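> Below you will find the structure I want to go over with you.
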2 protein chains.
Amino acid sequence: MEETLLMIPGPTKVAPRVLKAMSDAVMNHRSAQFADILTEVNEMMSEVFQTENPSYTITGSGTAAMEAAVGNILNKGDKILNIVGGKFGERFAQIAEANGGNSVKLDVEWGKAVNPEDVKNILEEDDEIKAVTLVHNETSTGVASPIEEVGKIVKDYNALYVVDTVSSLGGDDVAVDDYNIDICVTGSQKCLAAPPGMAAITVSDDAWDVINKVDSNSYYLDVRKYKKYAEHTPSETPYTPSVSLMYAMREALNMVMEEGLEARIERHKLAASATRNAVKAMGLELFADEDVSSTTVTAVKMPEGVTDKDMRGTMRDKYGIVLAGGQDHLKGNVFRIGHMGNVNYRDLVVTMAALEMTLKGLGMDICLGNGVAAVEEAYLIG
Amino acid sequence: MEETLLMIPGPTKVAPRVLKAMSDAVMNHRSAQFADILTEVNEMMSEVFQTENPSYTITGSGTAAMEAAVGNILNKGDKILNIVGGKFGERFAQIAEANGGNSVKLDVEWGKAVNPEDVKNILEEDDEIKAVTLVHNETSTGVASPIEEVGKIVKDYNALYVVDTVSSLGGDDVAVDDYNIDICVTGSQKCLAAPPGMAAITVSDDAWDVINKVDSNSYYLDVRKYKKYAEHTPSETPYTPSVSLMYAMREALNMVMEEGLEARIERHKLAASATRNAVKAMGLELFADEDVSSTTVTAVKMPEGVTDKDMRGTMRDKYGIVLAGGQDHLKGNVFRIGHMGNVNYRDLVVTMAALEMTLKGLGMDICLGNGVAAVEEAYLIG
């Protein structure tokens, strides 16, 4: 059997050259040689974040960086506005509460995008709000939030703007400086296509002003330490980093640079529209509003009469393709196709072919080839 | 030039078969296939910890696990006794303070081991102390603490016993259940000889009783979540784990099992005594009291007239061997030889040969071959 094809919203398929780089001999993490790699990775991260500010890598999941973003700016009782339209938006609120913050939630219906005016109204009425969090790409619903528009609003208020781009950076438009983002975080295993286990964060000067006045209640995720050690000669991390993953990140980022960030984002946009057209051509329904749909993951309503277990089970066991299920209350009601990282037309062609066979095999009235044709159509034009 | 030989107290040399395992294709972390690997790793970790309790892996540095150990048992203002005889003992105190705890420090002169009676006296006088932390192997000084003896004392008091075995587990005697340890933590990159970036923790029932009554102020390091997700079917981690490092951990732990834990510890003890005898045979002085010296790292006083820069620089640049320098106030005054993980007699022979050449080259009156002979002697008998 061929290798399983991961069509989930992370971890994504890792290129052989990245896996190869990762298997190099482990080196001393406090050496000039490692400092060069660390510096290179941090600098490339700033380039991908499109910021003039330094970036830092954290050994941990994307969630670790989300906590570093929020935990370092809140004193006990500080108010933070968490925009919640899915599982990861909710996670920011939970992290804020766990860190002693007072979470004010702006609930957005799952599958819809936040209306920036609603953010404005809340900030207008409550001048105690210290920060606003927004998840750019809500992988649980397949919605891309209007991070640029919200950024234009937040900058008129005395609040920091914290954005999670874990599953969008490198695959969708994220311009940290232009969008007025103060703290932006991401993970290694999504659009950057490195293995999971490393996260990154970038922090604006305004955010440092706040951070320096806060008593961090975390030791491991205290961003001041990451800054201090990065500024050492040679550059270091405060704690022993995942040396092997740093090799992998460098190679994965080299691939981003070789492709060019703009071309990479265009490739993701094309994969997204091909996916949407293909599932619609099969007669399936998208979960998220199409005008705010994600460029990296597509959520599809589970067709009537088909169970998640049968559908994703057949895709996996018979056709070797892994799709993601729904999360929280969407469990069983949607499935999700990840198209991020090194995704290309071949991945989508085989995914749609397998999906057609799977659904037809489960008794649905499917015209074989329609979904695949839609992918071809998209790439022919694109 | 040959590959650099890492003779530092972690990261240690990683075996080719572990590097190879790590470079396998990344899989879905929420799948039955990954659950098997995770379960295998967690179970092998419990075997190495010598505990009947479950163990959990955390994607992060050893410090992340130290914080998970302390942060989850402290409410604001709770008293904790931190035994501090080096940089990592101090780190436990800093973590306790960062997490709102009230750290009571028992300071131990660097290079000496704690006197268990001193712990008893403090616990006897202060019944508000909720936990005692001890670093088993203080890599900054080369001292192994009497964790069994301190465990016998702590069990008579209403306090949890938290032990950091980051740089000893798999290389020195650690019997979590027999020593009455409630929370024990370790890292991947020391005696277990996997790459850095993964940590592990095991928790006793008594500790869970405390943890369940505490408001954790961490989201990422909330151990209740690791327990809950490990108990899922299939077994999971709460956040996307470092899949590649999990492959590496499994392979590294397979190697531990193949060698046998007892044989592995004996091998470390032999390497430690060979190292101590060799540096003494060269006329150098050990930093730590020899009767409490570490089995995994040896701290040596920097000889008169030789600078750290010249000595370690020559070792590295001319002979390709990396030694560690002193930390904090020991910077420049000691150097440290790590002998952990896959260390064997060949590593020590070349290290001592290079050290002899280096010191003689720097003008010291060294009789070439004496240190190497001491290594041979140790292994001939051992």
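A short reminder: the numbers here are calculations on the coordinates, not readings from a lab. Given the structure is predicted, the values throughout are model-derived calculations rather than measurements. Neighbour counts run over all protein chains shown; Cβ positions are idealised from the backbone, glycine included.
> Can you list residues from other chains, or at least 5 along the same chain, whose modelled amide H is less than 5 Å from the amide H of A:Gly325?
A:Arg336
> Now a separate question. If you add up the charges near B:Asp127, with Lys and Arg at +1 and Asp and Glu at -1, over every other residue whose beta carbon is less than 14 angstrom from its beta carbon, what do you get?
Charge balance near B:Asp127 sits at -3.
> Order these by the 10 Å Cβ neighbour count, fewest first: A:His136, B:His29.
Going from least to most buried by this count: B:His29, A:His136.
> Mind checking the angle between helix B:370-381 and chain B's longest principal axis? C-alpha axes, 0 to 90 degrees, to the nearest 10.
60 degrees
> Turning to a different aspect of this structure: Say each of B:Asp127 and A:Asp308 gets a label point 7 Å from the Cα, pointing the same way as Cα to Cβ; how far apart are those two points in nm?
Simple spin-label model gives 5.1 nm for this pair.
> Excluding A:Asn344 itself, calculate the net charge of residues whose Cβ lies under 12 Å from the Cβ of A:Asn344, where each Lys or Arg counts +1 and each Asp or Glu counts -1.
+2
> Still on this structure, I have one more. Over 31 Å between Cα atoms: which of A:Lys105/B:Lys130; B:Lys225/B:Lys331; B:Lys130/B:Lys301; B:Lys213/B:Lys269; A:Lys105/A:Lys228; B:Lys76/B:Lys120 fall into that group?
Exceeds cut-off: A:Lys105/B:Lys130; B:Lys225/B:Lys331; B:Lys130/B:Lys301; B:Lys213/B:Lys269; A:Lys105/A:Lys228.
> B:Arg224 versus B:Lys155, label points 7 Å from Cα toward the beta carbon: distance in nm?
Simple spin-label model gives 2.9 nm for this pair.
> Report, by chain and number, residues whose modeled amide H sits under 5 Å from the one on B:Ser293, excluding near sequence neighbours (fewer than 5 apart, same chain).
Sorted by chain and number, the residues that satisfy this are B:Ala144.
> Where both partners of a DSSP beta bridge lie in chain A, what percent of those bridges are antiparallel, to the nearest 5? Show your work: numbers first, answer last.
Numbers: 21 of 42 bridges.
Just about 50 percent of them are antiparallel.
> Using the Karplus curve 6.51 cos²θ - 1.76 cosθ + 1.60 with θ = phi - 60°, work out ³J(HN,Hα) for each residue of region A:183-199 in order, rounded to whole Hz, and write x for Gly and Pro.
So the Karplus estimates, Gly and Pro as x, are 9, 10, 10, 8, x, 7, 9, 10, 5, 7, 6, 9, x, x, x, 10, 10 Hz.
> Label-to-label distances across copies for B:Gly77, with labels 7 Å out along Cα→Cβ, in nm, shortest first?
1.5
> Further, regarding this structure: Say we join alpha carbon atoms closer than 10 Å with springs in a Gaussian network model of chain B; which of B:Asn180, B:Asn82, B:Asn53 then has the biggest fluctuation?
Comparing B:Asn180, B:Asn82, B:Asn53 in the GNM, the peak value goes to B:Asn53.
> 5 Å is the cut-off here: which amide hydrogens, built 1.01 Å from N in the peptide plane, fall below it relative to B:Val14, excluding neighbours closer than 5 in sequence?
A:Val26
> By how many nm would the segment from B:Met357 to B:Met257 lengthen if fully extended, with 0.36 nm per residue of separation less the alpha-carbon distance?
Gain on stretching B:Met357 to B:Met257: 32.3 nm.
> Rank A:Val210, A:Val166, A:Val372 by mean-square fluctuation in a GNM of chain A with C-alpha springs under 10 angstrom and give only the top-ranked residue.
A:Val210
> While we're on this one: From the Cα gyration tensor of chain A, with a ≥ b ≥ c the square roots of its eigenvalues, which class applies: rounded if a/c is under 1.5, or else prolate if a/b is larger than b/c, or else oblate?
Cα axes put chain A in the oblate bin.
> Kirkwood hydrodynamic radius of the protein assembly as shown from all distinct Cα pairs, in Å?
It works out to 27.0 Å.
> Could you name the aspartates and glutamates in cross-link range of A:Lys112, using Cα to Cα under 20 Å and dropping any fewer than eight places away on the same chain?
In chain and number order, the partners are A:Glu90, A:Glu138, A:Glu148, A:Glu149, A:Asp164, A:Asp172, A:Asp173, A:Glu285, A:Asp289, A:Glu290, A:Asp291, A:Asp328.
> Continuing with the same structure: Grab the other residues whose beta carbon is less than 9 angstrom from that of A:Val143, score K and R as +1, D and E as -1, and report the net.
Counting the neighbours of A:Val143, the net charge comes to -1.
> With a cut-off of 17 Å, note down the residues of region B:173-213 whose backbone N falls inside the zone around a label point 7 Å from the Cα of B:Glu40 toward its beta carbon.
Only B:194-195 fall inside the zone, counting backbone N under 17 Å.
> How far is helix A:308-317 tilted, in degrees, relative to the longest principal axis of the Cα atoms in chain A, given as a value from 0 to 90 rounded to the nearest 10?
The answer is roughly 90 degrees.
> Relative contact order for region B:17-258: what is it in percent, counting Cα pairs under 8 Å that are at least 6 residues apart?
With pairs under 8 Å counted, the relative contact order is 29 percent.
> Here's another thing I want to ask about it. Read phi for every residue in region A:113-130 and hand back ³J(HN,Hα) as whole Hz from Karplus 6.51 cos²θ - 1.76 cosθ + 1.60, θ = phi - 60°, with x for Gly and Pro.
The phi angles translate into 9, 5, 8, x, 4, 5, 5, 4, 4, 5, 5, 5, 8, 10, 8, 8, 6, 8 Hz.
> Any chance you could run the full-extension gain for B:Glu52 through B:Asn115? It's 0.36 nm times the residue separation minus the Cα-Cα distance, nm to one decimal.
19.8 nm
> Further question: Of the residues A:Gly305, A:Gly326, A:Gly369, which exhibits the maximal mean-square fluctuation in a Gaussian network model of chain A defined by a 10 Å Cα contact cut-off?
Maximum among the listed residues: A:Gly305.
> Between A:Glu148 and B:Lys331, what is the label-point separation in nm under the 7 Å Cα-to-beta-carbon projection?
4.6 nm
> Continuing with the same structure: Hey, how many Å between the Cα centroid of region B:154-177 and the Cα centroid of region B:56-103?
First find each Cα centre; the distance between them is then 14 Å.
> So how do A:Ser168, A:Ser204 line up by other beta-carbon neighbours within 10 Å, fewest first? Please report the intermediate quantities before stating the final value.
Values: A:Ser168 29, A:Ser204 20.
Sorted ascending by nearby Cβ count, the order is A:Ser204, A:Ser168.
> Now a separate question. Compute the angle between helix B:87-98 and the longest alpha-carbon principal axis of chain B, please, reported from 0 to 90 degrees and rounded to the nearest 10.
Tilt relative to chain B: about 30 degrees.
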